[in-house]
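In what follows, a single structure is set out as structure tokens and then discussed.
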Amino acid sequence: MPANALLSTLSTTPLFAVGLTLAAFLLGNLIFKRLKKPTWLPAILIAALLLAATLAAIGLPYDTYRQDAAWLTFLLGPATVALGMPLYQQLPHIRALWRPLTICLPIAATLAACYALLIAWMLGSSPLILASIAAKSVTAPIAIGITEQIGGSVALLLGALLITGVATAAFVSLAARFLNIEDERIIGFALGLNGHAIGTVRAFEISPAAGAFASLGMSLTGIFTALMLPFAWHLIGAGG
């Protein structure tokens with residue numbers, strides 16, 4: 001059977017795209033462990049690079065892959081909700097810090113969106129690119145909805161999410177050492193607020209408390225951004 005015909009046959013079922021994704025994830029984890037878990041090269045980045053290289057090598061269009069693997073994206077929602085368990089376990093500590101968290105969150109979440117938009121705008125980026133990176137610090141299920149609402153590209157968004165999460169996981173730890181911050185709750189909150197799911201995974205590697213506060217930061221940032229970003233976007237006419 002010719003290669004093109006074989007690829008067409010395999011891509012008629014979502015199982016092929018799902019299998020490629022799982023294989024890339026497992027191989028990425030294996031490579032990550034063999035490299036002794038470097039902070040700057042998380043398993044998800046390795047898996048994404050492997051998957052991109054495989055799609056390019058076999059000639060499978062990204063739109064076809066994304067459509068076939070759509071139910072994996074759907075599972076991001078339940079996975080995000082499941083992070084409520086560590087939040088519940090750390091509820092007494094969260095209650096004790098509700099005032100500083102309430103003050104910090106709107107400022108930090110706004111800055112997380114604005115600094116990227118400002119840099120991109122100064123570099124002459126088009127409205128499409130601006131709309132695609134605006135929600136780059138929000139967890140994927142929420143970020144996809146926001147991006148579609150303000151007229152951005154989901155494909156560009158997913159790339160921005162990956163870069164943001166990887167950079168956050170690396171630089172928050174470095175910044176904490178430089179600023180002599182040892183409180184795992186602060187480090188975890190910063191990881192979740194800026195680095196969404198990838199930052200939250202990194203926080204759980206530090207401690208359960210850091211992971212819980214990362215889950216809190218990721219969740220609250222998603223809610224705040226979903227409420228405010230589309231409104232602000234259309235108010236200032238950024239889409240035009």
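Annotations
- Net charge dipole size for the chain [Lys, Arg +1 and Asp, Glu -1 on Cβ; Debye, nearest 20]: 440
- A compact globular protein would have a Cα radius of gyration near 2.2 N^0.38 Å; the ratio found for the chain is 1.07.
- GNM flexibility winner over the chain from L15, L45, L130 (Cα, springs under 10 Å): L15
- Probing with 1.4 Å while keeping every protein chain in the model, the per residue accessible area of segment 63-192 equals 57 Å².
- When the charge dipole of the chain is built from unit charges on Cβ atoms (+1 for Lys and Arg, -1 for Asp and Glu) and taken about the Cα centre, the candidate among L157, L30, T225 whose Cα reaches farthest toward its positive end is L30.
- Computed helical MRE - 222 nm, the chain, DSSP H runs ≥ 4 contributing -39500 (n - 2.57), nearest 500: -26500 deg cm²/dmol
- Between helix 184-206 and the chain there is an angle of about 30 degrees, using the helix long axis and the longest principal axis of the Cα atoms.
- Protein accessible area in the chain, 1.4 Å probe - carbon and sulfur %: 73
- Compared with the dominant principal axis of the Cα atoms in the chain, helix 98-122 is inclined by about 50°.
- Taking every C-alpha pair closer than 8 Å and separated by at least 6 residues, the mean separation divided by the residue count of the chain gives a relative contact order of 18 percent.
- Ordering of 201-212, 20-31, 88-99 by packing is 201-212, 20-31, 88-99, highest average first (other Cβ atoms within 10 Å, averaged per residue).
- Packing rank of 117-124, 47-54, 165-172, where each peptide gets the mean count of other beta carbons within 10 Å, highest leading: 165-172, 47-54, 117-124
- Aspartates and glutamates whose Cα lies under 13 Å from that of K33, excluding same-chain neighbours fewer than 8 positions away: none
The values are calculated or read from the model by the stated rules, or taken from the named source; none is laboratory data. Keep in mind that this is a model prediction, so the values were computed, not measured. Note: ideal-geometry Cβ built from the backbone for every residue, glycine included; neighbour counts use all protein chains shown. Surface areas here come from the heavy atoms of the whole protein model, side chains and all, with no ligands, DNA or RNA. Shrake-Rupley method; radii C 1.70, N 1.55, O 1.52, S 1.80 Å.
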